[in-house]
Amino acid sequence: MHRPILLIEDNAQNQYLTRYLLEQHGYVVAVAADGPAGIAAARRLDPVMILLDIQLPRMDGYAVAQALRADAALADTPIVAVTSYAMPGDREKALEAGCTGYVEKPIDPDTFVSVLHDYGLPLAGGDRS
Ligand code: MN
């Protein structure tokens, strides 16, 4: 079984669109709808990459990124913030919290996966486990 991409996202439409796009490219996708569930899923699934919404219930994405980075087993897992926040400084805040990269919503279906490769997503089917 290939390791999944973990999507931590509370919006059902964004979950659907992102999952669809990644599955079209051959990836397995696991979804968690809030921060604590996402952290638990990351520890359980050892994902190849974590896509992290910032506006989440219970914990914001910055706190989730910090918690993920505090776990030695996840210290090197690429984490990409995917957020509709477009305020100056948000990218820096995401990187300071431990994210590897930052993608603004709405995602561009033509470039999204390519950008994720730039941030360390392995090719689909490339089983590193
Ligand atoms: Mn959200």
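Values quoted throughout were computed directly from the atomic coordinates according to the rules given, and no laboratory measurement underlies them. Quick caveat: nothing in here was measured; it's all calculated off a predicted structure. Every residue, glycine as well, gets a Cβ built from its backbone with ideal geometry; the counts of neighbours run over all protein chains shown.
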Among the residues of the range 20-32, what is the count of those that are more than 12 Å from residue 107 (Cβ to Cβ) and free of Cβ contacts under 8 Å to residues at least 40 places away in the same chain? 7
Got at least one residue in the range 97-105 being within 11 Å of the chain's Cα centre (by Cα) and of a type in the set (Phe, Trp, Tyr)? yes
Is it true that some residue in the range 66-76 is farther than 25 Å from residue 123 by Cβ, within 13 Å of the ligand (Cβ to nearest atom), aliphatic (A, V, I, L, M) and without any contact (Cβ under 8 Å) to a residue 60 or more places away in the chain? no
Against the conditions (1) within 16 Å of residue 113 (Cβ to Cβ); (2) in contact with a strand residue (DSSP E or B) (Cβ under 6 Å, 6 or more places away or on another chain); (3) more than 13 Å from the ligand (Cβ to nearest atom); (4) aliphatic (A, V, I, L, M), where does residue 30 fall short? Just the number, please. (1)
Within the bounds of the range 83-99, is there any residue that is closer than 13 Å to residue 9 by Cβ and within 13 Å of the ligand (Cβ to nearest atom)? yes
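Table: residues versus (1) surrounded by fewer than 17 Cβ atoms within 10 Å (Cβ to Cβ); (2) touching a residue at least 24 places away in the same chain (Cβ under 8 Å); (3) away from the ligand (no atom under 16 Å from the Cβ); (4) of a type in the set (A, V, I, L, M, F, W, C).
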| residue | (1), (2), (3), (4) |
| --- | --- |
| 17 | no, yes, no, yes |
| 35 | no, yes, no, no |
| 42 | no, yes, yes, yes |
| 46 | yes, yes, yes, no |
| 49 | no, yes, yes, yes |
| 61 | no, yes, no, no |
Report the residue count in the range 1-55 for those that are of a type outside the set (Gly, Ala, Ser) and in a loop (DSSP other than H, G, I, E, B). 17
Please state which of the following conditions residue 73 fails to meet, knowing it meets all the rest: (1) on the phi < 0 side of the Ramachandran plot; (2) assigned to a loop (DSSP other than H, G, I, E, B). (2)
